[in-house]
Amino acid sequence: MHVAVQAIDRDIWRNGAASEGTRFVPEETPLALTYNGGTYAVMMGTPQNLEDFAIGFSVSEGIVKSVDDIKSLEMVRLDDGIELRMWLASEDAAHINQRRRHIAGPTGCGICGVESIAEAVRPAAIVPNGQTFTPEQVMAAMQAIAPLQSINLQTRAVHAAAFWSPTGSIVALREDVGRHNALDKLAGALARSRTEPRGGMVLLTSRVSVEMVQKTAAIGAPVMVAVSAPTALAVRTAEAAGITLIAIARQDGFEVFSHGNRIVARHATEVADVA
């Protein structure tokens, strides 16, 4: 059993007075991803939903095309961390031997360890058209995240990535101290449940950098929504990938940076009913 939250004693200085108390903080541990016996990357992350993380990382990094390409997955607790051991078909293993990461990725690192600029800014997958969404659906989806963040409700210190379905509900949500890890965990959860990504939205409690767009494109979701602003490269990458990038999502609205045609005032069926 991997503990995701720890209770830590601390001294408190506030309003000119000292006191004592306990605060819940998220755990952080090295997570080694190995394929056919060789280490590919070591990332810092929250030790929860690690099967989702291993599978999602493998898919979003392009190591495998689908969850079916991973023949076996084992989690091994070591003295200093957790090793996620995966075995692939021999042809896939030969491919990753050419692009192994040789350094550790600290918390919040999305592309640490890549060996070339071209690899860092690789083109994202092209996302199919998908469907349209109303502003009300976007707002409702983002407002549904907070109550479902079990770790963040205790610690106020982790990111979340979620997937919202047109049925009007969040079908999967994953948390981690690293925003990229949270998104990889979400990708793994969707892959394992065989969820069709074309009909929904990826929701993020973080800013949007280019690798977050690349990972969303690998998932295949047509829309991503974030509470913070995107980088310019993230916007260009989303535009090229066919992704509707929505950011700065607040209670009073949001801003659309690419492919705004997917956001409509009302769906066609609603317009027909009014007419």
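The figures follow:
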| quantity | calculated |
| --- | --- |
| Residue check, E61 at pLDDT below 75 and of a type in the set (D, E) | no |
| Helices (runs of 4 or more DSSP H) (entirely within the stretch 116-231) containing at least 1 residues that are touching a strand residue (DSSP E or B) at 6+ places or on another chain (Cβ under 6 Å) and more than 17 Å from S60 (Cβ to Cβ) | 135-143, 150-155 |
| Qualifying positions in the stretch 218-229 - over 15 Å from A160 (Cβ atoms) and surrounded by fewer than 24 Cβ atoms within 10 Å (Cβ to Cβ) | A218, G220, A229 |
| Residues satisfying the stated conditions in the stretch 207-227, i.e. among the polar types (S, T, N, Q) and modelled with pLDDT of 95 or more | T216 |
| Sole residue being among the charged types (D, E, K, R), in the same structural domain as R207 (by TED's automatic domain parsing) and either more than 20 Å from V202 (Cβ to Cβ) or modelled with pLDDT of 95 or more (or both), chosen from R156, R100, R85 | R156 |
| Candidate set from the stretch 127-142 (those that are under 13 Å from P197 (Cα atoms) and of a type outside the set (S, T, N, Q)); member that is surrounded by the most Cβ atoms within 10 Å (Cβ to Cβ) | V127 |
| Cross-chain or 6+ apart pairs with Cβ under 8 Å, the stretch 42-67 first and under 20 Å from A125 (Cα atoms), then in a loop (DSSP other than H, G, I, E, B) | F57/I63; S58/V64; V59/K65; V59/S66 |
| Set A232, A265: member being under 27 Å from M43 (Cβ atoms) and loosely packed, with under 14 Cβ neighbours inside 10 Å | A232 |
| The stretch 197-215, subset closer than 19 Å to T132 by Cα and without any contact (Cβ under 8 Å) to a residue 40 or more places away in the chain, residue surrounded by the most Cβ atoms within 10 Å (Cβ to Cβ) | G200 |
| Some residue of the stretch 264-275 being outside any loop (DSSP other than H, G, I, E, B), closer than 21 Å to I145 by Cβ and among the aliphatic types (A, V, I, L, M) | no |
| Among (1) within 11 Å of the chain's Cα centre (by Cα); (2) closer than 18 Å to A234 by Cα; (3) not aliphatic (A, V, I, L, M), the one test that S209 misses | (1) |
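The values are calculated or read from the model by the stated rules, or taken from the named source; none is laboratory data. Computed from a predicted structure; not experimentally measured. Ideal geometry is used to build each Cβ from the backbone, glycine not excepted, and the neighbour counts take in all protein chains shown.
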